[in-house]
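One structure below.
Just so it is clear, none of the values below were taken in a lab; they were calculated from the coordinates. Because the structure is a prediction, the values reported are computed rather than measured. Glycine also receives a Cβ, built like all others from the backbone with ideal geometry; neighbour counts cover every protein chain displayed.
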Amino acid sequence: MRILLMGNPNVGKSVIFSRLTGVHVIASNYPGTTVEFTKGWTEYKGKRVEVIDVPGAYTLEPTSKAEEVAVEMLKEGDLVIDIVDATNLERNLNLALQLIERGVPTVIALNIWDETKHRGINIDVEKLEKLLGVPVVPTVGITGEGIKELFSRLEEAKRKKPIKRTEHRRWDNIGKITHEVQILTHRHHTLREVLEEASTRPLSGLPIAMLVLFLSFKIIRFIGEGLIGYLLEPFFTKLYLPLITKLSLFLGRGGFLHDILIGKLIEGGIDFVQSFGLLTTGLYVPLAMVLPYILSFYLVLGILEDTGYLPRLAILLDNLMHRLGLHGYAIIPNLLGLGCNVPGILSTRILESKRERFIASALISIGVPCAALQAMIFGLVGKHGGQYVSMVYGTLFLVWLLLGLILNRVLKGFSPPLLIEVPPYRLPPWRTTVKKLWMRILSFLREALPLVLLGVLVVNILYFLKVFDFLANLTAPLIHGILGLPKEAVVALVIGFLRKDVALGMLGPLNLTAQQLVVGSVVLAMSFPCIATFIVLLKELGLKDMLKATGIMIVSAFLVGGILNLIL
Amino acid sequence: MAKQIPLTQLRRGQSGRVIQIMGGFGMTRRLSAIGIRPGKKVTKVSAMFMRGPVTVRIGGTEIAIGFGMASRIIVEVKE
């Protein structure tokens, strides 16, 4: 048996899914968090049944790619648990009635039930059940209240003969049902509502946005640097270094195996950034330089996601984003891209048109540096002074802006208007927020660590085979002539295809000037996407558009790198 | 006196009843799916300057609508 969890966007499908299956999926407080379906298993009457978390949909007549996915899934389910936001009954009933009209076996979870009380909403559940003709169970996804009862009533859901109804008739029907089962009591403005309104009004909203972004940045730096300075740096230098130095001695301080495991000795000792062995740089870069920032970035992002602030940022930035051929909501994929480009590009599915998805994906893969790369920029470029870090960020931001302006001019079509539901502010439910952070950290370790080690290994073997000497001489005119970098820097650009963080680490031993490091960081950030991004671009855009995006990428990377080299 | 104006011309905090959506099938459907249909009462919460999105409250939800789209939603207000 296969159970589908369906419902409008942002009603808590993913939270209930995690509860049922133990499979953790990212849940946040904004419409469109889930753009792909996730499968999991749970037990029902002693049998294993499949549960699928379907992207949110307002209607079964799709208006976005995420909704298309939802409608596709419907064909494959045996039973639907329609999750309805109890604080928003009328609009949610549209999807419920469409499911019931199609004769799909449906059970309704009246979710977010806890919020109805303090929002002055009173729903007669029994009457609603009678009028709809399917089981209705109040639930609170976050605490798990009602989920058991929901499950015990699954067997009451039966397939029925489909009925045809016009949209107009359906809305009439919904109007009648809500009128009969729901009583709203008027309530005074709460502090939450005052805050909600303040953050979408221009005069108060813009300062709030600036404060939120400034604080986010400060907190990310504070936690990231704190973890490095007080935890990881001492661990690696005080505990790990003596151990690994012994191993180096044991291996005879040189030779093939030593070079692969420990790397080159710098001034007679191990340098975690420059030695470039599997057990030195291969572990130090991902664990001591990147991981702390992954943790701090995703902690802050998770809190922003769960409070419901992001859609408000989308409203404030709508005008700007329209100039880039997008609308305000596209800021969410771009922000996610600051963590890792892959989920960023995946979440462009919340945008309506193919044109928008192309522009957003191109902007993310070219102008948005991922957290791993940013951590390395802070670590390596930051040593030469904050102004150089600002130069890298400033350039990338300009590129992002200009590229959007140009793409909007060049590509046919226009950007559709913004139309989004703005979720209420909520305090982050700490358990889901922490779980989400943990999932993201695990997936970084699982996906990045092996690639970093592979990158280090490949580099060492290729060095050993002297492949790079050949490549460096071949590309010297490009790398040295245009970008003003030593010809050996080509190695970093090649490795950037595997992992950008490792690539930036490889610029370290070249003794670059601060200016050269700025050029190198910018070119690395803009040029070839790493392999994971490459694959997701191919999957989401198709071969032709992916090649187009890559072309833009190469040209703009060298153009911008060249200009930087000239003016710095 | 009842007056018919585009949603964009509502004052902050003012309410009106949607009477017509001057758009194609696609736009009407997107709007109705999210809860904006003729007959519904909307209250304007805020509007961004320079023809930015208009935020309205409808039932228990806040919805942000791009300026162009909002200007094609006609509401009736009591003067």
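Some points to look at:
- Ordering of A:207-215, A:99-107 by burial proxy (mean other Cβ atoms within 10 Å per residue, highest first): A:99-107, A:207-215
- Cα-based shape type of chain B, given that a ≥ b ≥ c are square roots of the gyration tensor eigenvalues and the cut on a/c is 1.5: rounded
- Three-way shape label, segment A:45-164, alpha-carbon gyration tensor, a/c 1.5: rounded
- Averaged over the residues of peptide B:31-39, the number of Cβ atoms from other protein chains lying within 10 Å of each residue's Cβ is 6.
- Percent RCO, i.e. relative contact order, over segment A:202-567, from Cα pairs under 8 Å lying at least 6 residues apart: 18
- Protection proxy ranking of B:21-27, A:112-118, by the mean of other Cβ atoms within 10 Å over each peptide's residues and highest first, is A:112-118, B:21-27.
- Between segment A:424-476 and segment A:151-172, the alpha-carbon center distance in angstrom: 48
- Charging the Cβ of each Asp and Glu at -1 and of each Lys and Arg at +1, and nothing else, the dipole of the protein assembly as shown about its Cα centre rounds to 1280 debye.
- Total formal charge among the other residues, if their Cβ is under 13 angstrom from that of B:Glu76, Lys/Arg +1 and Asp/Glu -1: +4
- Residue-count net charge about A:Ile262 - beta-carbon cut-off 12 Å; Lys, Arg +1, Asp, Glu -1: +1
- Counting, for every residue in A:51-64, the Cβ atoms of other protein chains within 10 Å of its Cβ and taking the mean gives 2.
- Partner shielding of A:379-388 amounts to 0, given as the average count of beta-carbon atoms from other chains within 10 Å of each residue beta-carbon.
- Members of A:Lys436/A:Lys539; A:Lys218/A:Lys500; A:Lys412/B:Lys40; A:Lys246/A:Lys500; A:Lys75/A:Lys412 lying beyond 28 Å, as alpha-carbon distances in this model show: A:Lys412/B:Lys40; A:Lys246/A:Lys500; A:Lys75/A:Lys412
- Other residues whose C-beta falls under 12 angstrom from the C-beta of A:Asn111 contribute a net charge of -3, scoring Lys and Arg +1 and Asp and Glu -1.
- Between segment A:336-367 and segment A:484-559, the alpha-carbon center distance in angstrom: 18
- Secondary-structure-derived ellipticity at 222 nm for chain A, considering helices only, amounts to -17500 deg cm²/dmol, per-run term -39500 (n - 2.57) for DSSP H runs with n ≥ 4.
- Distance from the Cα centroid of segment A:242-276 to that of segment A:372-401 is 30 Å (rounded to whole angstrom).
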